[in-house]
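Working notes, structure below.
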Amino acid sequence: MTQWTQLGPRERELLAVLRRADDSLTARDLHDAVTGRGDDVAYTTVKRTVDRLVEKGLVDRGAERLRGTTRHRYRFDAEAARDRLVPQIEAELRTVLGDSAVERIAVRTESDGDGGADDGADATTRQ
C-alpha cells in the first residue's frame, strides 16, 4: 500500500492545513488551527503526527532559533510529495488492475489533460 492510503484522518487534516498555509507553520500553529475548528486534540498528538508526516516524506521540517531554543517549522512540499507518492500509487494500481489497465488510464489522462478549450466547446454544442 502507498503512504497516501496509509494516512490517518489526523494526518490528512494536518496536510490540508499545511497545504493551505502561505508559509511554514509551527506545531503550535497547527494545533491552534485544529482546535480552532472545535477539535479537542492535545498539542503532543499534533506534534507527534506532523513528525510522522516528516518521516513519511510528505512534510519538510526546518529549524529556527527562538529564545535560546530550537523550534521546528513544517511545510507541505507538493512537488516532493508527488514525486514520492505517484510511483507508489502507480505500482499499487498495476498490482490491482494490471499493466494494460494502467496504460489505458495514462493514455486517457494525457489526452484529456490539455483539452480545456475543446471541452467547453463540446459541452456547448451538446446543449
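The values are calculated or read from the model by the stated rules, or taken from the named source; none is laboratory data. Remember, predicted model here, so these are calculated numbers, not experimental data. Cβ coordinates were reconstructed from backbone atoms using ideal geometry, including for glycine residues, and neighbour counts include every protein chain displayed. Accessible surface is based on the protein model in full, side chains and every heavy atom, while ligands, DNA and RNA are left aside. Shrake-Rupley method; radii C 1.70, N 1.55, O 1.52, S 1.80 Å.
Here are some residues: A63, A21. Which one is in contact with a His (Cβ under 9 Å, 6 or more places away or on another chain) and over 27 Å from I105 (Cα atoms)?
A63
Show the residue pairs meeting these rules: Cβ distance below 7 Å; 6+ apart or different chains; first residue within the range 1-25 and more than 12 Å from F76 (Cβ to Cβ); second residue at pLDDT below 85 and open to solvent by less than 30 Å² (accessible area, probe 1.4 Å).
Pairs found: T2/L85; Q3/L85; W4/L85.
I'm checking my understanding of the structure. Among residues of the range 53-107 that are closer than 13 Å to T26 by Cβ and under 19 Å from the mean Cα position of the chain (by Cα), which one is surrounded by the fewest Cβ atoms within 10 Å (Cβ to Cβ)?
Only one residue fits best here, namely G62.
Which one is surrounded by the fewest Cβ atoms within 10 Å (Cβ to Cβ) among residues in the range 32-52 that are under 22 Å from A80 (Cα atoms) and touching a strand residue (DSSP E or B) at 6+ places or on another chain (Cβ under 8 Å)?
So the residue we want is D51.
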